[in-house]
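No value in this document is a laboratory result; all are computed from the given coordinates. Computed from a predicted model, the values in this text were never measured in an experiment. When we count neighbours, we look across all protein chains shown, and the Cβ atoms used for this are built from the backbone with ideal geometry, even at glycine.
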Amino acid sequence: MTQTLSISDASVVSAVKQQASCDLAGEAVILNLKDGVYYGLNSVGARVWTLLEQPRSVAALHALLLDEYDIDPDVCRQQLTSLLTDLATHGLLEVAA
Amino acid sequence: MGQFPGLRPESKLLLCVASPTEEVARLSEVRTLTEFPLDWEYLLGLGEQNEVLSLLYWHLNAANDDLVPPAVMQRLRGVFFQTSVHNLSLLKELMRVLAKLKEDGIDAVPYKGPSLARSLFGNVAFRRTRDIDILVRPEAVERTRRLLVREGYQLATPMTDEEMVAHRQSHYHLELLRQADGLRLEIHWEFLPRNCGHFDASYVWDHLVTEDIGGQPTLSLRAEELFVLLCIHHGTKHEWDRLKWIADIARMIETHRLDWQTVLARARMLGQERAVLLGCFLSAYLLGVSLPAEVLSVLRNHSRLAAHAALIRGRLFRPNRGLPGFREWCAYVDGLTGPFMPKRPVLEWPRNLQYLKAVITPEFNDRYDVRLPRWFSFLHYMYRPARLWGHHGTALFKRLN
């Protein structure tokens, strides 16, 4: 199911409940229990997924990632927004405006 | 776990990764143990036998240890990934089946399998599971079977109607296989075979809780009930024949706030206090778990658990789960230390008689392989030595010296 939504810094995001995931020691695999589809995440994506276990604002996520990774803030924001949009598109993300 | 002089470093490494104790200390010990010259093939074989390879991979990877050969890490990574995907697929099917049963008005309680892995470890990759187990009420078994047949399952062993009636009277579950891929699902009306004692499923139905699994409210066993059940299943039925079983119990003690008065009362009600105490003893003895005062005070009155625990330990780390020899077993008993040890001498009998008793006492498989009426059950004491002879051959006598 395709969702069209906008994710801003103020958006509060979290993982949907109807999923199960495995931390693969540097990667992650997510099973969407609604449609039975599996998704894979690389190491940074897996870290974001872990952080999404609790509802957080996008701004807070961005700040946490800047603390943990040596990355340009604008690049980080762009890649984070892209990941969150992907997750939402595949029904894995809850977004509160 | 710094004790156990004489235990190979490979075995100590498996004990370390199976322990639920504090992660920083565990990783430090993993690094220390990998500095020994390890027989990696032996380690992998023992880890496979004890079903703890996922935990081994996780810790070796986290320890970031250059001392592990890349080929070994590659193999472990493969096992870990395979376990993850397999367990997730079991979980997916479990949720789908539970939803179907609910639509049909059938109450079902999942236990063991992927739901247990999730409950104990959070990450289902850590615990290898083989199948899906669900408990339904006895009167719902046939409806459940028909629903699952519509969903693509078939009986693992085809039965006529008459055979089904006989099966329902003498067994405790039905085994089904999904036709597409052989996925195994067991429909239980009882939890355990009668040889394990009577674990009253009707009592359990009156004491269920609701748990959120994948966003779905799901009927579940109370933690205390699950703990007692696992001690009986892992101990009485499977004789603690793999480290995975002991790791389950240890992890439940560490992560679930159990009401120990309820646990012990339920164990006594079922006549399974010894099974529960042995599970607790093994968790402390092998995996360093701290036991609560209520359990310690009762343990001190069960001195003979130590002899049994020593036999179990020897079997865990012997390829093909063979019998530890008498001298090896004595060394294990001599090494038993801890606040959970009884105050009076561990063994009232001479060592050789204690060992003989531990060895010849029939286990679940002895009683299950050869079903005998109760008044002939003494014959199991003859069957067991014959079975051990078949397993060890003439080496059995060397082990008894």
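Relative to its residue count, region B:195-289 spans a Cα convex hull of 107 Å³ per residue.
With N as its number of residues, region B:1-150 has a Cα radius of gyration that, divided by 2.2 N^0.38 Å, comes to 1.31. Which residue, A:37, A:16, A:48, has the most motion in a Gaussian network model of chain A that connects Cα atoms within less than 10 Å? Fluctuation is largest for A:37.
Pairwise Cα separations in region B:190-244 fall into 10 Å bins from 0 onward with the following percentages, short to long: 22, 44, 29, 5. In this structure, residue B:294 and residue A:74 have a Cβ-Cβ separation that, at R0 = 56 Å, corresponds to a calculated FRET efficiency of about 0.45.
Loop-located GluC sites (Glu not before Pro) in region B:147-222 (DSSP state not H, G, I, E or B) with no more than 16 neighbouring Cβ atoms inside 10 Å: B:151. Per residue, the Cα convex hull of region B:1-70 amounts to 87 Å³. Straight-line cross-link partners of residue B:357 among the lysines, defined as a Cα under 21 Å from its Cα and at least 8 positions apart when in the same chain: B:237, B:398.
Sort out for me the Cα centre separation of region B:52-93 from region B:272-342, rounded to whole Å. Measuring centre to centre over Cα atoms gives 29 Å.
Subtracting the Cα-Cα distance of residue B:222 and residue B:23 from 0.36 nm times their residue separation leaves 68.9 nm of extension gain.
Taking region B:250-293 on its own, what percent of its Cα-Cα pair distances exceed 17 Å?
28 percent
Averaged over the residues of peptide B:81-89, the number of Cβ atoms from other protein chains lying within 10 Å of each residue's Cβ is 4. Label-to-label distance, residue B:203 versus residue B:74, with points set 7 angstrom from Cα along the beta-carbon direction: 5.3 nm. What's the center-to-center distance, using Cα atoms, between region B:114-179 and region A:41-70 in Å? When both Cα centres are located, 40 Å separates them. For region A:30-97, the set of chymotrypsin sites (Phe, Trp or Tyr not before Pro) satisfying both a DSSP loop assignment and a count of at most 13 other C-beta atoms within 10 Å is given as A:69. Taking the empirical scaling 2.2 N^0.38 Å for compact globular proteins as reference, chain B has a Cα radius of gyration ratio of 1.01. In this label model, residue B:146 and residue A:10 are separated by 5.7 nm, measuring between points 7 Å along each Cα→Cβ vector. Straight-line reach from residue B:12: taking Cα to Cα under 21 Å and skipping same-chain neighbours fewer than 8 places apart, the lysines in range are B:244. Taking the empirical scaling 2.2 N^0.38 Å for compact globular proteins as reference, region B:67-156 has a Cα radius of gyration ratio of 1.35. Close amide H contacts of residue A:57 (hydrogens built in the peptide plane, cut-off under 5 Å, sequence separation of 5 or more or a different chain): A:13. Annotation: lysines with alpha-carbon distance below 26 angstrom to residue A:17 (same-chain offsets under eight excluded): A:34, B:92, B:100, B:102, B:112. Rg and Dmax, both from the Cα atoms of the protein assembly as shown and both in Å, are 24.8, 80. Restricting the GluC sites (Glu not before Pro) of region B:4-83 to loop positions (DSSP other than H, G, I, E, B) with no more than 14 neighbouring Cβ atoms within 10 Å leaves B:22, B:35.
Over all distinct alpha-carbon pairs, what is the Kirkwood Rh of chain A in angstrom? Before the final figure, lay out the partial values.
On the way: mean 1/r = 0.0743 Å⁻¹.
For chain A, the Kirkwood estimate is 13.5 Å.
Using only alpha-carbon positions in region B:106-242, the gyration tensor eigenvalues give semi-axes of 23, 19, 16 Å once each is multiplied by 5 and square-rooted (largest first).
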